[in-house]
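These notes are about the structure you will find just below.
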Amino acid sequence: MRIYLLLLTFCCGLAAEAKTDTAKLYFSQVLQLVRENHPLAKQAALLPKQGESYVRYNRGAFDPKVYFQQRDKTFKAQQYYSETSAALTVPTWYGIDVKAGYENNTGLFLSPDMVTPGNGLSFVGVDVPLIRNVVTDARRTQLRQAQLYQSQNMAMKNQLLNELTASVIHDFAGWYFAWKEQQTCTQAVALLTDRMNAIRAEFIAGGKAATDTIETYAQRGLFLLMLQEARVKETKTRLLLGAHLWNADQQPLEPVQGTVPDIAGIEFLDSMMRSYPDSAVAGNIQELQPQLLSMGLYVQKNKLEANFRKQQLLPEIYLKYQALAPGYLDFSNSGTFAQNNRFGIGFSSSLFLRKERGDYQMAKLAWQESQLKLQQKTRDNVQKVGGLYQQTKAYSNMSKDFETISGLYYQLYENEKTRFTSGDATVFMVNMRETKWMETRLKLLEYQQKRIISLSDYLEQVGVLWQSLQ
């Protein structure tokens, strides 16, 4: 069930005004709740851990391995053979495997190549690739790709937080300005109600015409309709914001009706925009934007895959050498390495290399495709960043202009009221001035909201909005 609580119950920073006892919810407090409790924020925190686990998994290909085997056969009380072998293999970064071990085999029916001295046989050697897998091999490629995947997960985390922060800003701004619109309409209705009552009293006293009361009543009716629409809008936007609010027990929270939104704390958007102007962003967009950064890392992963597939076109030649010594890992009296050793060399290659050539071609095409996608996405992003930057600047200028215009219309409205009081103006003119003043006030709120949303969209597109959740 949805939990309806006063904001004091789910955030210690929420305060009530002393005189009106009205709960306030600040944007900075919402951001803190989102950072600490939002499921998407928690999901984003898992991504780096997943990357670390994937790297650890692929590092396992370089783990030393211990091997032991005991094989015995006895039939009719006669021991055919007893074979004991133990070994330690240490993979190295350059594709060479170092191996050391001990063998002790006895029995009447041992294969000649399995015979060992009475005290056993020790060996130390290496397995070396000579042509294929020298530059890179499967385990090196997979580890490098895992490290890129880890970096990709960090970029995905930032992108997820980027989108979440933008969504929270959109919804909080929507609620805040819907509440401001409701307050504006409430004040306008209160002023009109006072004026209507005064005109009605003058009409009863014979000082005003009946049309004045009708005109004022109609104007009040229009403003009441606007107020009802503003209330519906405020409720809807408040509930939308509630979708982002969770407590520490992962239970949903909602600001109750009557909660006052306060935009304090959102000023960081302006300072962040000054730190990342579009002129400085264009050349570094692939390093700043998490999605582009992730795509760049994906290009590198495909390049590694293509290089590995290219290596598979080469013939496979392996050299194996082991120095031997009787006893348990005692090489002091084993003679020269040339006298006591096991040596082998192997070669294999496909005659037509159709599978290898196909693998390499597909990997190369995937690499080229990812490069082209990154190139186009970067171009699109740079264009969007430039457009959003200019749009934000325009909305800032329009907000200032409408603030001035609203002040001018308020002066006209006040002058008209003064003239009406002295009998030099009509109710129609007062209502007209009031309507225009009301329109500019609402338009001012609209452009202030558009400015904040455009500003957050710009910073999201640049790729730095996630920093506010750190």
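Laboratory data are not the source of any read-out in this text; all were calculated from the coordinates shown. Because the structure is a prediction, the values reported are computed rather than measured. Note that each Cβ is placed from the backbone with ideal geometry, even for glycine, and that neighbours are counted across all protein chains shown.
How large is Rg over Rh for region 220-274, taking Rg from the Cα atoms and Rh as the Kirkwood inverse mean of 1/r across Cα pairs? Could you put the intermediate results ahead of the total?
Details: Rg = 15.8 Å, Rh = 13.9 Å.
Looking at region 220-274, the ratio lands at 1.13.
Given 37 °C and 0.692 mPa s, compute D for region 424-470 with the Stokes-Einstein relation, Rh being the Kirkwood radius over Cα pairs; round to the nearest whole µm²/s. The partial results should precede the final answer.
Numbers: Rh = 13.5 Å.
Calculated translational D: 244 µm²/s.
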Next on the checklist: Please compute the modelled spin-label separation between THR193 and ALA87, points set 7 Å along Cα→Cβ, answer in nm with one decimal.
Outcome noted: 9.3 nm
Checklist entry - Which residues' amide hydrogens lie under 5 Å from the amide hydrogen of TYR26, considering only partners 5 or more residues apart or on another chain, with H built in the peptide plane? => result ASP262
Next on the checklist: Under the rule of at least 5 residues apart or a separate chain, name every residue whose amide H is placed under 5 Å from the amide H of LYS208.
Outcome noted: PHE203
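Relative contact order of region 50-169, please, whole-number percent, based on alpha carbon pairs below 8 angstrom and at least 6 residues apart.
On the way: 171 pairs, mean separation 30.0, N = 120.
In percent, rounded to a whole number, it is 25.
Given Cβ point charges of +1 (Lys, Arg) and -1 (Asp, Glu) and nothing else, what value in debye, to the nearest 20, does the dipole of the chain about its Cα centre take? Kindly include the intermediate steps, with their values, before the conclusion.
Numbers: 52 positive and 45 negative charges, 257 e Å.
My answer is approximately 1240 debye.
With a Förster radius of 30 Å, plug the Cβ-Cβ distance of PHE343 and ILE131 into 1/(1 + (r/R0)^6) and report the FRET value to the nearest 0.05.
On the way: r = 18 Å, r/R0 = 0.61.
Calculated value: 0.95.
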Next on the checklist: Please compute the contact order of region 227-367 in relative form: average sequence separation of alpha-carbon pairs under 8 Å and at least six residues apart, divided by the residue count, as a percent.
Outcome noted: 19 percent
Checklist outcome for this item: Taking the dipole of region 239-372 about the Cα centre (Lys, Arg +1; Asp, Glu -1; charges at Cβ), the one of ILE263, PHE352, MET362 that reaches farthest to the positive side is PHE352
Item to check | GLN257-GLU439 FRET efficiency (beta carbon distance; Förster radius 41 Å; 0.05 resolution) | outcome: 0.90
Checklist entry - Size of region 387-435 along its principal axes in angstrom, Cα-based, largest extent first? => result 52, 14, 7
Checklist entry - Considering amide H positions built from the backbone, and no H for Pro or chain starts, which residues 5 or more places from ARG132, or on another chain, come under 5 Å of its amide H? => result ILE317
Checklist entry - Hey, any idea what the orientation-averaged projected area of the convex hull of region 91-185's Cα atoms comes to, in nm²? => result 13.0 nm²
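By DSSP, what percent of the beta bridges with both residues in the chain are antiparallel, rounded to the nearest 5?
Details: 47 of 53 bridges.
Rounded to the nearest five, the antiparallel share is 90 percent.
For the chain, what is the relative contact order in percent, using Cα pairs closer than 8 Å and at least 6 residues apart in sequence? Could the numbers behind the result be given before it?
Details: 704 pairs, mean separation 100.6, N = 470.
Reported relative contact order: 21 percent.
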Checklist entry - Could you name the lysines in cross-link range of LYS436, using Cα to Cα under 29 Å and dropping any fewer than eight places away on the same chain? => result LYS180, LYS208, LYS233, LYS236, LYS393, LYS400, LYS417, LYS450
Checklist outcome for this item: So the angle from the long Cα axis of helix 138-205 to the longest Cα principal axis of the chain, reported in degrees to the nearest 10, equals 10 degrees
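Roughly what % of Cα-Cα distances in the chain sit above 38 Å, to the whole percent?
Numbers: 61633 of 110215 pairs.
Everything past 38 Å amounts to 56 percent.
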Item to check | Rg over Rh, two decimals, region 311-470 (C-alpha only, Kirkwood Rh) | outcome: 1.62
Next on the checklist: Give me P(r) over region 250-322, computed from all C-alpha to C-alpha distances, binned every 10 Å, as integer percentages.
Outcome noted: 13, 18, 18, 19, 14, 9, 7, 3, 0
Item to check | ³J(HN,Hα) computed for each position of region 343-351 - Karplus, 6.51 cos²θ - 1.76 cosθ + 1.60, integer Hz, glycine/proline x | outcome: 9, x, 9, x, 9, 7, 6, 5, 6
Checklist outcome for this item: Rounded to 0.05, the calculated FRET efficiency for the beta carbons of GLU36 and THR235 at R₀ = 30 Å is 0.70
Checklist outcome for this item: Checked against the positive end of the charge dipole of region 362-470 (+1 on Cβ of Lys and Arg, -1 on Cβ of Asp and Glu, about the Cα centre), the farthest of GLN461, ASN431, THR404 is GLN461
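Just from its helices, what would the mean residue ellipticity at 222 nm be for the chain, if runs of 4 or more DSSP H residues each count -39500 (n - 2.57) and the sum is divided by every residue, rounded to the nearest 500 deg cm²/dmol? Don't skip to the answer; put the middle values down first.
Numbers: 10 runs with 275 residues, N = 470.
Helix-only estimate at 222 nm: -21000 deg cm²/dmol.
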Checklist entry - For region 19-77, with equal point scatterers placed on the C-alpha atoms only and solvent neglected, what are the log10 I(q)/I(0) values from the Debye formula at q = 0.20, 0.22, 0.26 1/Å, to two decimals? => result -0.90, -0.96, -1.05
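With the cut-off at 22 Å, report for region 145-289 the share of all Cα pairs above it, as a whole percent. Mind dumping the intermediate values first?
Values: 6591 of 10440 pairs.
Counting every Cα pair in region 145-289, those more than 22 Å apart make up 63 percent.
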Checklist entry - Whole-Hz Karplus ³J(HN,Hα) for region 43-57, in order, using 6.51 cos²θ - 1.76 cosθ + 1.60 and θ = phi - 60°, x for Gly and Pro? => result 5, 4, 5, 7, 4, x, 5, 5, x, 4, 5, 5, 5, 4, 4
